[in-house]
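K.L.:
First the structure, which I've put down as C-alpha cells, then a few questions once you've had a look.
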Amino acid sequence: KWGTTIPVEGHDELSSLASTLNFLSQQLQKQEELRKNLMQDLGHELRTPLTTLRSHIQAFYDGLWEPNRERLYSCLEEIQRFEALVTSVETLYEADIAPAASPPDLPLTDLNHVAQSAIQLFEPRCAEAGIRLELRTSDAPVRVAAQAQHVSQILWNLLDNAVKFTPHGGNIVVEVGSQDGKPFLSVKDSGVGIPETEIDNIFERFYRVDKSRDRKTGGSGLGLAIVKRLVELSGGSVQVKSRVGQGSTFTVMWPK
Ligand code: ADP
C-alpha cells in the first residue's frame with residue numbers, strides 16, 4: 001500500500017534497497033502533502049478578492065449601492081490583486097521548471113544597471129509614500145552570472161516589500177557591491193521589522209507574518225518564495241537581518 005514502510009532487517013543488498021524505497025516513499029508523501037497544502041492556500045488566496053468583488057457587484061445589481069467612483073475603485077483594486085496573484089503564480093511556476101544553470105550558460109548581468117533601473121521605477125512610489133530611497137552603487141561593474149530579468153525581479157520583489165512595510169518618514173537603501181570577490185545586492189529598510197522566529201518562514205509560499213495586516217498591503221504572499229527560487233537558479237543565497245520596529249535588510253549574495 002502507498003506510504004507503507006518496508007521492514008528493514010539485515011545489512012544485505014535487499015535491506016539497503018528497502019531503506020532506499022522507504023526514504024523515497026517518505027519524500028513522495030511529503031511532496032504530496034506540500035502540493036495539497038499549496039492547492040488549498042491557492043484556492044483561499046484566489047477566493048478572497050473574488051468574494052469581495054462578488055459582494056460589491058451584487059450590491060450594485062440589487063440597487064443597494066450606487067456604483068460611485070470610490071466603490072468602483074475598490075472593485076478595481078480587487079481585480080488588480082487577483083491579477084497580481086495570477087502573475088506571481090505564473091512567475092513561480094516558470095522559475096520552478098527552469099533548470100538551474102551555471103556560469104558558461106548564464107549571461108553576465110551588471111547589478112549596477114539593474115539597481116539603477118529599479119530605483120527609477122520605485123522613486124515615484126516612495127515619494128508618494130513619504131519614504132527616502134537611496135542607491136549605493138559601485139564604481140566598477142558588479143557582474144553576476146544570472147539572467148538580468150531574474151535579478152530585476154528579485155530586486156523588484158525586495159523593494160516592493162521594503163516599501164509596503166516601511167511607514168511614512170522612513171528610508172530604504174539599495175546597495176550593490178562585492179565582498180571578498182562575491183557580488184551582492186542588498187535592500188535595507190527602516191520599517192516594521194520581522195520577528196526572529198518568523199525569519200525562516202517568510203520564504204515559504206503564501207506565508208505572511210501578520211495575516212490580516214499583510215494581506216491588506218496587497219501582497220500575494222509569494223514574493224519571497226519567488227526571490228528564493230530565482231536566487232537559487234543562479235547559485236546564490238539570500239540572508240535576512242531584521243529587528244522588530246527597526247527594520248530589515250535582505251542581502252542576496254552570489255558566488256565569486
Ligand atoms: P507578501 O506578498 O505578503 O509581501 P512575501 O513572500 O513577499 O509576501 O513576504 C512574506 C511576508 O514576509 C510578508 O507578508 C511580511 O510579513 C514579511 N516581510 C517581507 N519583507 C518584509 C520587510 N521588508 N519588512 C517586514 N516584513 C517583511
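The values are calculated or read from the model by the stated rules, or taken from the named source; none is laboratory data. This is a predicted model, so every value here is computed, not measured. FYI the Cβ positions are ideal-geometry reconstructions off the backbone, even for glycines, and counts take in every protein chain you see. For the accessible areas, the whole protein counts, side chains as well, though only heavy atoms, and no ligand, DNA or RNA atoms are used. Shrake-Rupley method; radii C 1.70, N 1.55, O 1.52, S 1.80 Å.
K.L.:
Any residue in region 156-174 that is more than 13 Å from the ligand (Cβ to nearest atom) and either modelled with pLDDT of 95 or more or crowded, with 20+ Cβ neighbours inside 10 Å (or both)?
P.N.:
Within region 156-174, one or more residues are more than 13 Å from the ligand (Cβ to nearest atom) and either modelled with pLDDT of 95 or more or crowded, with 20+ Cβ neighbours inside 10 Å (or both).
K.L.:
Kindly provide the set of residues from region 14-58 that are among the β-branched types (Val, Ile, Thr) and in contact (Cβ under 8 Å) with a residue 60 or more places away in the chain, ordered by number.
P.N.:
The answer is THR48, and nothing else.
K.L.:
Right, here's the next one. If a residue has to be over 13 Å from LEU230 (Cβ atoms) and either polar (S, T, N, Q) or touching a residue at least 60 places away in the same chain (Cβ under 8 Å) (or both) to count, how many in region 78-98 make the cut?
P.N.:
Counting residues in region 78-98 that are over 13 Å from LEU230 (Cβ atoms) and either polar (S, T, N, Q) or touching a residue at least 60 places away in the same chain (Cβ under 8 Å) (or both) gives 6.
K.L.:
Every residue in region 107-141 that is over 20 Å from ASN171 (Cα atoms), open to solvent by 60 Å² or more (accessible area, probe 1.4 Å) and either of a type in the set (Asp, Glu) or in contact (Cβ under 8 Å) with a residue 60 or more places away in the chain (or both), please.
P.N.:
Correct list: ASP139 only.
K.L.:
Within region 49-62, identify whether any single residue is under 23 Å from GLY221 (Cβ atoms), open to solvent by less than 90 Å² (accessible area, probe 1.4 Å), in contact with a helix residue (DSSP H, G or I) (Cβ under 6 Å, 6 or more places away or on another chain) and among the hydroxyl-bearing types (Ser, Thr, Tyr), and answer yes or no.
P.N.:
yes
K.L.:
With VAL231, VAL209, VAL227 as the choices, which residue is within 10 Å of the ligand (Cβ to nearest atom), in a helix (DSSP H, G or I) and closer than 24 Å to VAL86 by Cβ?
P.N.:
VAL227
K.L.:
Considering each of VAL176, VAL163 in turn, give the residue that is within 20 Å of HIS113 (Cβ to Cβ) and in contact with a strand residue (DSSP E or B) (Cβ under 9 Å, 6 or more places away or on another chain).
P.N.:
Being within 20 Å of HIS113 (Cβ to Cβ) and in contact with a strand residue (DSSP E or B) (Cβ under 9 Å, 6 or more places away or on another chain) holds for just one of VAL176, VAL163, which is VAL176.
K.L.:
Quick one: which residue in SER248, SER178, SER234 is over 12 Å from the mean Cα position of the chain (by Cα) and either of a type in the set (Lys, Arg) or surrounded by fewer than 20 Cβ atoms within 10 Å (Cβ to Cβ) (or both)?
P.N.:
None of the others qualify; the one that does is SER178.
K.L.:
Kindly indicate whether any position in region 236-243 is at pLDDT 90 or above, within 22 Å of PRO124 (Cα to Cα) and within 11 Å of the ligand (Cβ to nearest atom).
P.N.:
no
K.L.:
Still on this structure, I have one more. Assess whether LYS188 counts as being touching a residue at least 60 places away in the same chain (Cβ under 8 Å), among the charged types (D, E, K, R) and either under 17 Å from ASN157 (Cβ atoms) or within 11 Å of the ligand (Cβ to nearest atom) (or both).
P.N.:
So LYS188 fits the description; yes.
K.L.:
Something else: Give region 53-94 a look and list any residue that's farther than 24 Å from ARG205 by Cα and of a type in the set (D, E, K, R), or say none.
P.N.:
ARG54, ASP62, GLU66, ARG69, GLU70, ARG71
K.L.:
Somewhere in region 82-101, is a residue surrounded by 12 or more Cβ atoms within 10 Å (Cβ to Cβ), in a helix (DSSP H, G or I), modelled with pLDDT of 95 or more and not aliphatic (A, V, I, L, M)?
P.N.:
no
K.L.:
Quick one: is PRO104 closer than 28 Å to LYS182 by Cβ, without any contact (Cβ under 8 Å) to a residue 12 or more places away in the chain and outside any loop (DSSP other than H, G, I, E, B)?
P.N.:
Judged against the criteria, PRO104 is a match.
K.L.:
Which condition number in (1) outside any helix (DSSP H, G or I); (2) loosely packed, with under 14 Cβ neighbours inside 10 Å is the one that VAL8 fails?
P.N.:
(2)
K.L.:
Which ones in region 107-151 are in a loop (DSSP other than H, G, I, E, B), under 22 Å from the mean Cα position of the chain (by Cα) and hydrophobic (A, V, I, L, M, F, W, C)?
P.N.:
ILE131, ALA146
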